[in-house]
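K.L.:
Below is the structure I would like to discuss, written out as structure tokens.
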Amino acid sequence: MKEIYHSVKLVEENCIGCSRCMTKCPMEAIRLKNSKAVIYEEKCIDCGECIKVCQHNAHKADLDDIEAIKDFKVKVVIPSVTIYTQFGSYINPSLINEAVKSLGFDEVYDITYACDIVSEIIKKEIENTPKPVIGSFCPAVVRLIEVNYPTLIEHVIKVLTPIEVAASLIREKYAKLNYKPEDVGIFYITPCVSWITKVKNTALNRKSQINGAIPMSDIYPSLLKYVNKNKSSYTEKSTNMSYTGVLWAVSGGQCRSMEMDEFISVDGTKNVIKVLNDIENGKFRDVKYVEPYACDGGCVGGVLLVENPYNAKRIALNLNEHINFEYRFGGLSDGLKNKFTVENNINKNYDIKLADDFESAVKKMKYMNNIINSLPGNDCGQCGSPSCRAFAEDVVKGLSSLNECKFIR
């Protein structure tokens, strides 16, 4: 299995061994060893929950600095649609875009156009995908499926995300203007750490066309200063933004933008896991589409945002009073559909097994079940594993020993 890049990093010297990250990790990817947190990277999906709950800054994201834009002749930024929800109340999107551009960018690209393109592709491609179809917009959820639900990979819609579509369109635009690829830097302003992982992860055959993912929390103070300075004198400007694209910021927004029926929208990794378990067990066969997000509330709940996610959702839903409610994208050619429909959008090479051969794996599974039956089942965490089942798996894999459980000595 190829090594997978992770944007979530442990700062060991800051860790006090409180176990909060271990108990809150939805993937059970964290252990305590010698009173320090340890991340089992093969289980980690970079959802950022550990960053959110750690009070000692022991978990951090491997961030791109905005200074990186200086390496390119042309600097283009794709802001997440969540950026328009981060200022407490409605602020004209054009003013926010001007604030972003003031950071040193030559162009601020409207991602809502790409959202509408992807919506049209999904509506066509959904008929060619096993039901229920699972959305691929959230990189952490895609990683979750790769790690824990390989049988559901064929259910994942095979289409690039709006961020990737936008980057491709930008590359084409500047190529026609005779710019070399290395001259054009494309940066995504991200609300979450999983997009940092996706941009930097080169384990897949498709290399990202985005040069970096800049956390919104890092640039927010500068944006807020610009907005506050100029909003009183700012003349309201019309915008070509699509409200249907803005809806992608909130849970259920994709399906609402496509006027889809028979869908499930689920947010929060633990809730996504429950839904994926049910799909794997044959439920929801009458559901057409599942729209999953690792963050609570959708992208507005991203760990790299600053606004209260519930207020951010309110602002996103109210944007229809100020901008166009209809699709900006009027039609979809077969060529455009084929360009952004991909077979290798996710990694099928994860291989987390108890053993390399089937017979040994069965024996280890029986041994693991025997250990589980001998444990108290109260998931106390004193062994340094988040649950009795996780502890049993660690023992079978040789990562822990039975005497570390204080109840079966």
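Any read-out appearing in this document is the output of simple, stated calculations on the displayed coordinates, not a laboratory observation. Bear in mind that the values here come from a model prediction, so they are computed numbers and not experimental data. Here Cβ is always computed from backbone atoms with ideal geometry, including for glycine, and neighbour counts include all displayed protein chains.
K.L.:
Counting only residues 5 or more places away or on other chains, whose amide H sits under 5 Å from the amide H of S265 once H atoms are built in the peptide plane?
P.N.:
Long-range HN contacts for S265: E291.
K.L.:
Using the alpha carbon gyration tensor of segment 252-292, what are the three equivalent-ellipsoid semi-axes (square root of 5 times each eigenvalue), largest first, in whole Å?
P.N.:
Equivalent ellipsoid of segment 252-292: 18, 13, 4 Å, largest first.
K.L.:
Using a Gaussian network model of the chain whose springs link C-alpha atoms within less than 10 Å, name the residue from S222, S360, S251 with the highest mean-square fluctuation.
P.N.:
Checking each option, the largest mean-square fluctuation is seen for S360.
K.L.:
Let me ask something else. Once the Cα gyration tensor of segment 29-73 is found, what semi-axes does its equivalent ellipsoid get, as square roots of 5 times the eigenvalues, in whole Å, sorted largest first?
P.N.:
Taking √(5λ) for each Cα gyration eigenvalue gives 29, 12, 10 Å.
K.L.:
While we're here: Hey, could you pull the Cα Rg and Dmax for segment 1-61, both in Å?
P.N.:
Using the Cα atoms of segment 1-61, the pair Rg, Dmax is 10.7, 34 Å.
K.L.:
Using Cα springs under 10 Å in a Gaussian network model of the chain, which residue among F137, F187, F391 shows the largest mean-square fluctuation?
P.N.:
F391
K.L.:
Mind checking which of Y84, Y293, Y149 has the largest fluctuation in a GNM of the chain, springs on alpha carbons under 10 Å?
P.N.:
Y149
K.L.:
Moving to a separate point now. So how compact is segment 355-409: Cα radius of gyration and Dmax in angstrom?
P.N.:
11.1, 33
K.L.:
In segment 93-184, which trypsin sites (Lys or Arg not before Pro) fall in coil by DSSP and have 10 or fewer other Cβ atoms within 10 Å?
P.N.:
Here no trypsin sites (Lys or Arg not before Pro) fit, given the DSSP loop and packing criteria.
K.L.:
Taking amide H positions as placed in the peptide plane 1.01 Å from N, state which residues far from T190 in sequence (5 or more) or on other chains have amide H under 5 Å from it.
P.N.:
The list, which skips near neighbours in sequence, is I214, M216.
K.L.:
Can I ask one more? Can you list the GluC sites (Glu not before Pro) in segment 1-46 that are in a DSSP coil and have 11 or fewer other beta carbons within 10 angstrom?
P.N.:
Of the GluC sites (Glu not before Pro), the ones in loops of segment 1-46 whose Cβ has at most 11 other Cβ atoms within 10 Å are E3.
K.L.:
How would segment 57-135 be classified by its alpha-carbon gyration tensor: rounded, prolate or oblate, with rounded meaning a/c under 1.5 and the a/b versus b/c comparison settling the rest?
P.N.:
prolate
K.L.:
Percent of Cα-Cα pairs more than 30 Å apart in segment 112-271, please.
P.N.:
24 percent
K.L.:
Moving to a separate point now. Taking the alpha-carbon set of the chain, what are its Rg and Dmax in Å?
P.N.:
Using the Cα atoms of the chain, the pair Rg, Dmax is 22.4, 73 Å.
K.L.:
Something else: Considering the options Y84, L224, G252, tell which one lies farthest towards the positive end of the dipole of the chain, charges being +1 on Lys and Arg and -1 on Asp and Glu at the Cβ, about the Cα centre.
P.N.:
L224
K.L.:
Between the alpha-carbon centers of segment 253-295 and segment 103-157, tell me the distance in whole angstrom.
P.N.:
If you average the Cα positions of each part, the centres end up 13 Å apart.
K.L.:
Let me ask something else. What are the residues whose amide H is under 5 Å from the amide H of V133, where those residues sit 5 or more places off or on another chain and H is modelled from the backbone?
P.N.:
Y289, V290
K.L.:
Another one. Just tell me which lysines come within less than 18 Å, Cα to Cα, of K237; anything on the same chain fewer than 8 places away is out.
P.N.:
Cross-link targets: K101, K229.
K.L.:
Turning to a different aspect of this structure: Once you've got the Cα coordinates, tell me which of K283/K363; K124/K173; K73/K180; K123/K288; K158/K339; K43/K270 are over 19 Å apart.
P.N.:
As for pairs spanning more than 19 Å Cα to Cα, those are K283/K363; K124/K173.
K.L.:
Magnitude of the Cβ-charge dipole of the chain, K/R +1 and D/E -1, about the Cα centre, nearest 20 debye?
P.N.:
520 debye
K.L.:
Near K406, which lysines are there with a Cα under 19 Å away, not counting those fewer than 8 places off in the same chain?
P.N.:
Filter leaves K33, K36.
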